[in-house]
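Colleague: Mind looking over this structure? Questions follow.
The values are calculated or read from the model by the stated rules, or taken from the named source; none is laboratory data. Just so you know, these numbers come straight off a predicted model, no measurement behind them. Cβ sites come from the backbone with ideal geometry, for glycine too, and all protein chains shown count toward neighbours.
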Amino acid sequence: EKGGYEHFMLKEIYEEPKAVRDTISPRLKDDDVVIEELGMTDEEIRSIRKIDIVACGSASHVGMTAKYVIESMARIPVEVDVASEFRYREPIYEDNMLVIIISQSGETADSLAALRDAKNHGVRTLGIVNVVGSSIAREADNVMYTWAGPEISVATTKAYSAQLAAMYLLSMKFAKVRGMLTDEEFAQLRSDLIQLPDQIESLFGMKEKIQKFANRYLAAGHMFFIGRGIDYAIAMEGSLKLKEISYIHSEAYAAGELKHGTISLIEDGTLVVAVATQEKLYPKTISNIVEVKTRGAFVMALTNLGHTDIEKNADYVIYIPKTSQYFTNSLAIIPLQLFGYYVSVGRGLDVDKPRNLAKSVTVE
Ligand code: M6R
């Protein structure tokens, strides 16, 4: 069933363009986003005062990205919590609030408990779920499915990408209804979104290059992933992907936080993966690259096509194709998924079933 691939994870990475396309295309019309499952009138969308996104693991990194996207594009305040914190922290529920639960399996115990808590307080809930008919899909007031198809590998890849796509659509819908996007801006976002699947596919061409690079780090003791804004969310996901399947310790840091402690861990040759796709933050992230380089780090940078100047400061550069600043996670994550994959393969580990982990965490 691996369709000729050595592991489900690689097969599922190759299914990402389709997962994103299938999630987007039924909902993206010429001049609007139509999400019937949302079950909200334009009036109700306009009255949303606050959004809480609740999820676990990779799905919470989608939530982090969505916070940046929704706040900037639709100007609605967004909080993001991991479900195991949210449910015990006595969240403040308000009128006209929306709780969004993101879950591939739809069975994650803490996410389900958070959903029930919100419902018990009379708050409207929306599930972004991959498995049709799962508990979260059944219990949420409304459910917007990600159409990634069955995901077998414990490390999520295509479901993650489909979740991002769903959140972009939601953000565009909210922004449009609330009058935050001009027709031109909407048209540009729409065309960037439509291009994403092909752009993801084009990144698979780097597979061999990334495998070669990964092979240099099979014995690494630890690594760092840094970035700002959406790039920080990408760093979080890149780091999780690596550690869950390669068992190499890694940490993701908001780049500006480095000098508040972590930079003392940088030694000669420590690998720092620096994500710099956000144009506004680019010069700031470059300063952080210089800081870690000065302390001996080896820097692998991920940035947008055209930023060849980064080669002055980074040791190894991966370029991603041009897209909207809101959507770069969908492209930058592909090389990072491949990197984690090849480190795991190179170390001879059980890529699809890493030790101590389960595909769906149904215990609290
Ligand atoms: O099924 P869910 O999306 O609710 O699962 C959430 C996490 O357990 C999951 O994303 C986990 O972090 C992945 N193994 C990461 O690759």
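Colleague: Across segment 289-316, what is the number of residues that are of a type in the set (A, V, I, L, M), assigned to a loop (DSSP other than H, G, I, E, B) and surrounded by 15 or more Cβ atoms within 10 Å (Cβ to Cβ)?
Modeller: 2
Colleague: Turning to a different aspect of this structure: Being among the aromatic types (Phe, Trp, Tyr) and more than 30 Å from residue 339 (Cα to Cα) narrows it down to one residue among 168, 145, 93; which is it?
Modeller: 93
Colleague: Restricting attention to segment 229-238, which residues are crowded, with 24+ Cβ neighbours inside 10 Å and of a type outside the set (Val, Ile, Thr)?
Modeller: Passing the criteria: 231, 232, 233, 235, 237, 238.
Colleague: Conditions: (1) buried (at least 20 other Cβ atoms within 10 Å of the Cβ); (2) at pLDDT 95 or above; (3) out of contact with any Leu (no Cβ under 6 Å at 6 or more places or on another chain). Residue 87 meets all but one. Number of the miss?
Modeller: The single condition residue 87 does not satisfy is (2).
Colleague: Then there's this: Return the total of residues in segment 342-364 being within 15 Å of the ligand (Cβ to nearest atom) and either under 20 Å from the mean Cα position of the chain (by Cα) or not acidic (Asp, Glu) (or both).
Modeller: 16
Colleague: Quick check: is even one residue across segment 155-164 free of Cβ contacts under 8 Å to residues at least 60 places away in the same chain, more than 9 Å from the ligand (Cβ to nearest atom) and in a helix (DSSP H, G or I)?
Modeller: So far as segment 155-164 goes, no, none of its residues is free of Cβ contacts under 8 Å to residues at least 60 places away in the same chain, more than 9 Å from the ligand (Cβ to nearest atom) and in a helix (DSSP H, G or I).
Colleague: Let me ask something additional. Taking only segment 251-288 into account, find how many residues are outside any loop (DSSP other than H, G, I, E, B), surrounded by fewer than 21 Cβ atoms within 10 Å (Cβ to Cβ), of a type in the set (S, T, N, Q) and touching a strand residue (DSSP E or B) at 6+ places or on another chain (Cβ under 9 Å).
Modeller: Residues in segment 251-288 being outside any loop (DSSP other than H, G, I, E, B), surrounded by fewer than 21 Cβ atoms within 10 Å (Cβ to Cβ), of a type in the set (S, T, N, Q) and touching a strand residue (DSSP E or B) at 6+ places or on another chain (Cβ under 9 Å): 1 in total.
Colleague: Okay, next question. Say we look at segment 105-146 and pick out the residues that are acidic (Asp, Glu) and under 18 Å from residue 82 (Cα atoms); which of these is surrounded by the fewest Cβ atoms within 10 Å (Cβ to Cβ)?
Modeller: This residue is 107.
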